[in-house]
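Please read the structure below before turning to the comments.
The values are calculated or read from the model by the stated rules, or taken from the named source; none is laboratory data. What you see is a predicted model; the values in this text were computed from it and never measured. Note that each Cβ is placed from the backbone with ideal geometry, even for glycine, and that neighbours are counted across all protein chains shown. For the accessible areas, the whole protein counts, side chains as well, though only heavy atoms, and no ligand, DNA or RNA atoms are used. Shrake-Rupley method; radii C 1.70, N 1.55, O 1.52, S 1.80 Å.
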Amino acid sequence: QTKATAGATRVDLNQSQMVRTSTFWGLFLVYTIGCLAGLMAIGISSPMGTEIIKIDTATAAMLVGVFALFNGAGRPLFGWLTDRITPRWAALISMVVILGASVLMLSASAGTTSLYAACFIALWLCLGGWLAIGPTATTTFFGPKNSARNYSIVFFGYGIAAILANIISGQSKDLFGSYDTAFVITAVLAAIGAVIAMTLMKPPKRS
C-alpha cells in the first residue's frame, strides 16, 4: 500500500459529487496550470532556440527530440512520486519546477544553450508528469469506482490549457516582441498553483 492510497479517504464519488468538492477544483486548477506550462513550452521550443538562443535549426530539432524523451519519462517518474508522497506533494514539486524553469528562462540569451535545454527539459518533463498525476490523484481522492468518468472531467483542463498556451505563446511574441512575457505568466501561475496544491489538494471529507 502506497502513501498516497494509505492517506486517501475511503470514498467513491460520482461526477456530480466530485465537482462539489474543493479537492476537485484544486486538482483541476493545478492540472490546468501544469499542462498549460508544458504545452506552451512545446509550442515555442524550436523558435525560442533559433531566435533567442541562436542555435541552428538542426540543433533545435535535435533538442526538441530530447525534450520529447523527457516528456515521456515524466509519466513514470511523477507516477512513482504520486504513489510515494501523495498527489499533493507531487503537484507541489511540479509547480516548483515549473516556477524555477520559467524564472530562469527570463535570463536566457544567445549562447545560453545549456540553460535553455535544462529549462525546457523541466517543462516538458512536468507536462508528462501531469498526465500521470491527474488520473492517479482522481482515483486517490474520489475513489476507483467512477475514476474513468471522473478523470474525463479533470482532463477537460488539458483542453483549456491547450487553448490558453497557444494564445499566451503567440500573443506574448506578437505584442511584446519577446517570449519573456510567456514565462512571466507561467511563473506567476505556477506560484499560484503551488498555493492551491497545498491548500486544496487534500482528500475530501466524508459527507
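Below, the figures for the structure above:
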| item | result |
| --- | --- |
| Selected residue (criterion: nearest to Thr59 (Cα to Cα)) from residues of segment 109-130 that are more than 20 Å from the chain's Cα centre (by Cα) and touching a residue at least 12 places away in the same chain (Cβ under 8 Å) | Thr113 |
| Tally of residues being hydrophobic (A, V, I, L, M, F, W, C), crowded, with 24+ Cβ neighbours inside 10 Å and in a helix (DSSP H, G or I) across segment 190-207 | 2 |
| Some residue of segment 170-183 being within 23 Å of Ala73 (Cβ to Cβ), small (Gly, Ala, Ser) and free of Cβ contacts under 8 Å to residues at least 24 places away in the same chain | no |
| Those residues of segment 16-52 which are of a type in the set (A, V, I, L, M) and more than 17 Å from Lys173 (Cβ to Cβ), in sequence order | Met18, Val19, Leu27, Leu29, Val30, Ile33 |
| Matching residues in segment 12-40 - criterion: being in a helix (DSSP H, G or I) and surrounded by fewer than 20 Cβ atoms within 10 Å (Cβ to Cβ) | Gln15, Ser16, Gln17, Ser22, Trp25, Leu29 |
| Set Phe176, Phe141, Phe155: member being under 14 Å from the mean Cα position of the chain (by Cα) and either closer than 21 Å to Val97 by Cα or among the hydrophobic types (A, V, I, L, M, F, W, C) (or both) | Phe155 |
| Ile168 being β-branched (Val, Ile, Thr) and surrounded by fewer than 18 Cβ atoms within 10 Å (Cβ to Cβ) | no |
| Unique residue being surrounded by 22 or more Cβ atoms within 10 Å (Cβ to Cβ), aromatic (Phe, Trp, Tyr) and part of a helix (DSSP H, G or I) when the list is Phe78, Phe70 | Phe78 |
| Filter pass, Asp83 being over 18 Å from the mean Cα position of the chain (by Cα) and open to solvent by 40 Å² or more (accessible area, probe 1.4 Å) | no |
